[in-house]
Each structure stands twice: as C-alpha cells, then as structure tokens.
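Structure first, commentary second.
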Amino acid sequence: MKRNITFFLLCISVMILSGFSNKTDFKMIKPHFQKDSIKVKVDSLLNLMTLEEKVGQMNQYNGFWDVTGPSPEGGDAEKKYEDLRKGRVGSMLTVRGADQVRAVQKIVVEESRLGIPLIIGFDVIHGYKTLSPIPLAEAASWDLEAIEKSASVAAAEAAASGINWTFAPMVDISRDPRWGRVMEGAGEDPFLGSAIAKARVRGFQGEDLSAINTIAATAKHFAAYGFAEGGKEYNKADIGTVTLHNIVLPSFKAAEEAGVKTFMNGFNELNGIPVTGNEFLLRDILKQKWDFNGFVISDWASIGEMVTHGYARDNAQAAEIAVKAGVDMDMESSSYVDELVELVKAGEVEEALVDDAVRRILRVKFELGLFDDPYKYCDAERESVVIGSEENQKAVLDMAKKSIVLLKNENNLLPLKKEGQKIAIIGPLADDDNSVLGSWRIASEDHSGISVLEGMKQYTGNEIVYEKGADLLKKDPTFINELEFNFNDKTGFEKAISAAKNSDVVILVLGEHGFQSGEGRSRTNLDLPGVQQELMEKVFGVNKNVVLVLNNGRPLILNWADENIPAIVEAWHLGTQTGNAVAQVLYGDYNPSGKLPMTFPRSVGQIPIYYNHKNTGRPVDPQPGANMVFWSHYSDEENSPLYPFGHGLSYTSFNYSNIKVENSFAVNEEVKVSVELSNTGDYDGKEVVQLYIRDLFAKVVRPVKELKGFQLVELKKGESKTVNFSLTEKELGYYDQNGDYLVEPGDFEIFVGGDSDATLKSAFKLTK
Ligand code: BGC
C-alpha cells in the first residue's frame, strides 16, 4: 500500500515537474490536479522543493519599486529581483495594478526553477480605490449585510487589480481611543466585533476563494495589540488571561470559524513575550486548539523587531523563535530568507517546521487558483471596468449613510428644511475631499472623495455660504509623513463668524483630519485639534442653530459641544461618498440609525472606559450627597461616559416595552426573549435593538452587562413589532482563567434597549 502511494506521488511529482518546467503551460497539468485533493498536490510539490525554495515561500517582500521600470534610489531592488528569480520569494505586498502584478508574477513563473506563483498581499482595509467608511464607522451601522457587501466590493476591486490577499479585517478589540488604530477595528465589544469579523471575512473571501472577485482575508493582529499600554502605538500589552480569552480572542476565533485563510501577528509583546514569538498564542491556541489550517504572516518586520524588543539576540535567533512559535511567512524583515536555511542545516530548526509552514502557504495558493492560472487576477480590461463602477459607488454610499450616528438632536433642528433657509457651512474639514478618505487608502487617488460642501450643494433649494474658518494642519499630510498641526491661525475666524451671524443654520464640520488617526497616530488629548473648539464657541456665540458634523477616526471628548450645540452628527471618515451621505442624512432623505461601537468618554482620564466593566466591591456612593470617599469613582469626574456604547438617535423615536422571558431554563435549553418595539415619532425609521445579559455571580466575576444579541428593525411611523431573541450556551457561558469555556447554572438578568444603558429588564434562572 505504502509503495502504491509513493508511486502515485511520484507520478504526480513528475506531472507537476513537467508542468512547471514548461512554464507557460499550467493548463496542461490541470486535469490531473482537479482529480486530486489539494493536500496531495501540496505534498507532491513540496517533494520537489529544495530547502532554499521552501524557505523562499516563507519570505514576503514589499514591492516598493516600480516593477516595470527602474529601481528607486537607495532601494535593494536588484537583490529582490534576483531573489524572485531564484525562488526565494513566496509573496509580495503592495504591488498593485494588473500590469504591475503580471510583471512580478512573470518573473517567478517564467524564471524561477519551479515557477510557483506569488500570492499578492495588500492592505485593502475599507475599500481599494472606491472607499467605504473606515471600519470603525462601518461597525457603527451594526449592519452585517452591508458590512459584508462593503468587503465584497473591496475584494472585487482589488482582485481586478492583481491582488489576491488582503491584510484585513483588523479584529483587534480596543478600549482605548488614544490608540490611533481604533479606526481600523470594530470597536470595544467582543460580541459585535465577532459578528463583524465574520461578515468581513465572508465579504472578502466569498463562497468561492478561487473566483476572480474574491481574495483571501487576514485576521490581525494576533493578539492584544488593541491593549497597547496607555494607547501608545506599538506599546506592550499586559492583560490577564480572563480578559485575553473573553475580550481579545473571541473576534479572532470568529474569523477562524468563518474560514479566514491567514492570520497576522502584531507588533506588541503580551505579558513579556512578543506576540511574533508567542508559542502559546500561535501554536497552542491558534494552530492546535482552534485547528487553524491557513498560514500566519508576521507584521511588517516584526520578526526582526524581536531583537529590538530585547527578546532575541540577533536576526537568526529571531527567525528561530518565530518559526518555532508558528509564524509561517516573514513580512519584510528578511530574517527567514537570510537565516532559516542555515538554522535547519545546523539542526537548530527541524525541517518539519518549515514543511508545515510551506504546506500552509501552498494550500492557500492552490485554493486561490493561482496554480491554474497565475495571471487570473491580472486582467487590465476587467480592472478598468470594475474599479470605481457605478455599482461600487452606490454600495459605498449605502454603507456611508448606514455608518452615520446621530449623537444629539435638540428641538428637531435636523433634518434641515429643503428650501428657504440660508445655510453657512463652516470648518476646516467642510470642503476637504482628501481627509474624508481616512488614512488607509494606498490605492485610491488623493482628493477623490466628495466633501461635505460638495454633497450639500447638490440640494439647491437653500442658499449656501462657505467659510473655512481655520486650518487644521499646515499642509496636506501623507500616509507616512508626520503631521504638522496648525494650532494658532485664526485669520479665518472673522469671516466665519460673520457668515454664521447672517445665516439661519450653521453646519460646522470639525474633527480630525483623516491622517490624524490610524497606525502611528496615538494621541494624549482627544479634544478637537487646533483652534476648532474656539471656532465652534465663537460661531455658537452668534448663532445657536448649529449642527456639528464630526469627522474623526476615534471617540473624541465633546463635553462642551454636548452641553451647548443642539445637533451633533458623527460622520467619521466615510470614504469616497462622504459628502453625499452626509447631505442625505442632514436633509432627512436618509433617517440615521447608526449606534456607537465605542464609548465616548467625558475626559481622557476615564480611559480605558467601556460598557462591559466589572462591578467592583464598591460600585455606588453609599450616601449620595454626603460626599463619601470610599467607593469606586473619580473625585473630579463622573463614572458615566458622555455617550455610552450602543448610543445613537433617529429622527423618529422608539419605545421599548413588555419584555418577556420564562423564569427558568436548563443549561442546554434555548432562552427565548421577546420585547415590544414601537415607532412613536414622526418618521419611518430603523432601530438597532440590543440585548444585554448579566450573569449575577460566577466562578469568575462577570461584567455588569454583556451584549449578546442585536437586531436591526425597521418600523413605519406608528408601527409596533415584537422582536424575538434566543440565547444558547454560546451566549450564556464564558472563559475561565485557563481558557476553558463554562456555562454555569445561576441567575441572569436581561436588558433590552437602544443602547448599553438599557434599563428595561427581566431575569431568569439557568438550572442544571
Ligand atoms: C501594519 C499592518 C499592515 C502591514 C502591511 C503594518 O505596519 O501593522 O496592519 O498590514 O503594515 O502594510
């Protein structure tokens, strides 16, 4: 039997070899391939590979040079070209465009010995060229279908441009808005974060990974990067195992369950061990406990950075630690390509570890269909049709509207009347068609967004005047440049104030520039940057009818605005269609339904602040009014946030009543909950109905509230509906310190409402 299998593999190997030596004729071997499982193909190919070629598959280079033209000054392009030819490269990132990708692919396919195609990675984070809202904004929609659609549009555009692998979704949960990358995730909650992680993976990968409009996804950054101490970028994370298992890991597990093909580790260390070298995370949890069969890529140079962390002596030891820990591909630190062969030859690293990594990488390449046709993603004609299509613009506009959160609307200042009003549009971001794109938009053209001013001008029934008022930055920033803030220039104030004085309504567009959040953009001060606060106060001084439209990538401190400004609209960085989305919401052509995926604090000192906190032993003031000190609070700030997780208003109003649940259930029974929702206002609208539980006592202390269900419910004005939820063991249990999942009998409370402050409550008992 064994001899038969060996003979069979040998035949396959010969077929493969003939296929690969005839570099242009992949089709010739395809019929044989199709009969065999990917595992057999992978093993057969592995049999043909030298150790050097195997290690080559584990190496990823950045395509920073123009691959069809001369190499840039100071780059090591020649070495990289040489490595491509020698089969010392398995993947490239940030090469883009059908022709450019074809050019690199051609080098490996035609010039390297085995012609194994490259997998081409790219940060397709919230769109490729046609941009959706930043991921945090999309999360505010709580609309899984729309989020999935948005990812599929991004995938289709990228796949038409030569790319077959995205470094997204970022599924890092974070409770710290000082950290600039909160814009890239789904916010603070593991339940919402897990649902969104799944939707994004489904959107990118689709049903069929080998289709020409789907790409492999990456769950990143494994793990706990979102817990960077002090919100400072790249900082260490020190968290206990209960937080790790219950808050950090669930969204990664969800991505894995959705079939994500790759994981990326983070830059951070976790409890003293860089996650790039963390065997516990990568081997024990990811590859063993979760049985993940895709591959793990390092973050940019994070293998080499283990030396700087003080965890590895040199690059060679860093490579050894990383491969043993379970990192399969090295992004840009060259540690594997430079060191691994020697490490194996010296007996420091078992070749079996290399084989395992290469098998995982090859499997994904086979699944993408790259062996059937390495140029399948390189169709310039398709590229020109798909990118920026009307259909894609429509999809990102839809997503943008759904992402907007109405934070406040006093006296029904919104929606605006469509005619007969004089409107002043003021603010440094009002006419900005670049900032709206956010910071993750490598493939899209600068200034390709629609500014709020442009969007508003399409409604012609009102007279519009525009004044910038102030600048936010000294010059247009770029992805890698430091920002140069403009803190002092108030020369535009006078004109802005006069425009405000002579208008019926002022739309103030303030916030952060798109490049003020994102990687490397941590902040200690979360006020409106620069002179914007002063501008807002001066404008409000002459006209109280102010609508504040916020553009930002993270929760900001908005106490003054909340106390004074009658209407506040959270419009994040909404991507290409920003202006159209904002205008449709301000004019009431779309009734906003977004809900915050992250708590907005009252002050930076409250951070980390999140709704699913613990009770502590002293949660309340024992004698309100007596100024008692011995309870869990700040003496100079309230405990509550400015806007809780889940908060968001509508132009209509909703009433919750009649919550129903039986008294008791056995652990394995379905807990059914129902609630009555009524639209009590003057508009048709949509509400995100949220269900929270509290496990009153347990072997490990549980949070005061945990989101365990949500539903988007559309109601016509005056309409009511019964909304049903069901909870199972999946929602009612938790992980203990060892990562074991427990469902304990006991008493639970249930809350249903329109935000995490929901007070409509019931209770049930879970019995053995
Ligand atoms: C980021 C990753 C990203 C990678 C490649 C790193 O700096 O942390 O999220 O995918 O660069 O661009």
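Rounded to the nearest 5, what is the percent of antiparallel bridges among the DSSP beta bridges in the chain? Here the antiparallel bridges make up roughly 55 percent for the chain. Site pair Asp431 and Glu419 shows an inter-label distance of 2.7 nm when each label is modelled 7 Å from Cα along Cα→Cβ. Scaled against 2.2 N^0.38 Å for its residue count N, the alpha carbon radius of gyration of the range 269-403 is 1.37. Around the Cα centre of the range 296-372, unit charges on the Cβ atoms of Lys, Arg, Asp and Glu (plus for the first two, minus for the last two) sum to a dipole of about 160 debye.
Here r is the Cβ-Cβ distance between Leu696 and Glu110 and R0 is 45 Å; the resulting FRET efficiency, rounded to 0.05, is 0.10.
Placing +1 on each Lys and Arg Cβ and -1 on each Asp and Glu Cβ, with no other charges, gives the range 404-601 a dipole about its Cα centre of roughly 340 debye.
Accessible area per residue for the range 654-767 is 47 Å², calculated with a 1.4 Å probe on protein heavy atoms, without ligands, DNA or RNA. Note that the chain, at 10 °C in a medium of 1.306 mPa s, gets a Stokes-Einstein diffusion coefficient of 58 µm²/s from its Kirkwood radius over C-alpha pairs. DSSP beta bridges fully contained in the range 654-767 are about 95 percent antiparallel. For the range 404-601, the antiparallel share of DSSP beta bridges with both residues in that region comes to about 20%. The apolar share of the surface of the chain, taken as the fraction of accessible area on carbon and sulfur atoms (1.4 Å probe, ligands and nucleic acids excluded), comes to 48 percent. So, counting K/R as plus one and D/E as minus one, what does the shell of residues with Cβ under 14 Å around Gly272 add up to? Here the charged neighbours net out to -3. Computed packing ranks the peptides 608-616, 177-185 as 177-185, 608-616, most packed first, by mean other Cβ atoms within 10 Å. Treating each Cα of the range 171-318 as an identical point scatterer and summing with the Debye formula, the log10 of I(q)/I(0) at q = 0.13, 0.18 Å⁻¹ comes to -0.56, -1.04.
Gain on full extension, evaluated as 0.36 nm per residue between Asp291 and Asp373 minus their Cα-Cα distance, stands at 26.6 nm. Using a probe of 1.4 angstrom and keeping all protein chains present, the accessible surface of the range 215-337 works out to 29 square angstrom per residue. Pairs of Cα atoms nearer than 8 Å and 6+ residues apart set the relative contact order; for the range 509-653 it is 22 percent. Using only alpha carbons, the range 506-567 has a radius of gyration to Kirkwood radius ratio (Rg to Rh) of 0.98. Cβ-Cβ distance of Asp314 and Thr491, R₀ of 51 Å, FRET efficiency by 1/(1 + (r/R0)^6): the value works out to about 0.40.
Each of Val673, Gly746, Gly733 was placed along the dipole of the range 654-767 (beta-carbon charges, centred on the mean Cα), and the one lying farthest toward the positive end is Val673.
In terms of the mean number of neighbouring beta-carbon atoms within 10 Å, the peptides 475-485, 347-357 order highest first as 347-357, 475-485. The translational diffusion coefficient of the range 654-767, from Stokes-Einstein at 10 °C and 1.306 mPa s with a Kirkwood hydrodynamic radius over alpha carbon pairs, comes to 107 µm²/s.
Between Lys79 and Lys721, the simple spin-label model (points 7 angstrom out along Cα→Cβ) gives 6.0 nm. Stretching Glu445 away from Lys86 to a fully extended chain increases their span by 125.8 nm, per 0.36 nm per residue minus the current alpha-carbon distance. Using every pair of separate Cα atoms, the Kirkwood estimate puts the hydrodynamic radius of the range 404-601 at 16.6 angstrom. What number comes out for accessible area per residue over the range 404-601 if the probe is 1.4 Å? Units Å², please. Here the per-residue accessible area is 35 Å². Based on Cα contacts under 8 Å between residues 6+ apart, the range 377-487 shows a relative contact order of 25 percent.
Summing charges over neighbours of Asp83, with a neighbour being any other residue whose Cβ is under 12 Å away from its Cβ, gives -2 when K and R count +1 and D and E count -1. The slack in the chain from Glu669 to Tyr634, taken as 0.36 nm per residue of separation less the alpha-carbon distance, amounts to 8.4 nm. Computed over the chain, relative contact order equals 13 percent, with contacts defined as Cα pairs under 8 Å that lie 6+ residues apart. The calculated FRET efficiency for Asn271 paired with Lys614, based on their beta-carbon distance and R0 = 22 Å, is about 0.65.
The values are calculated or read from the model by the stated rules, or taken from the named source; none is laboratory data. The structure presented is a predicted model; accordingly, all values stated were derived computationally and were not measured. Please note: Cβ atoms are built from the backbone with ideal geometry, for glycine as well, and neighbour counts cover all protein chains shown. Areas reflect the complete protein model, heavy atoms only, side chains present, ligands, DNA and RNA absent. Shrake-Rupley method; radii C 1.70, N 1.55, O 1.52, S 1.80 Å.
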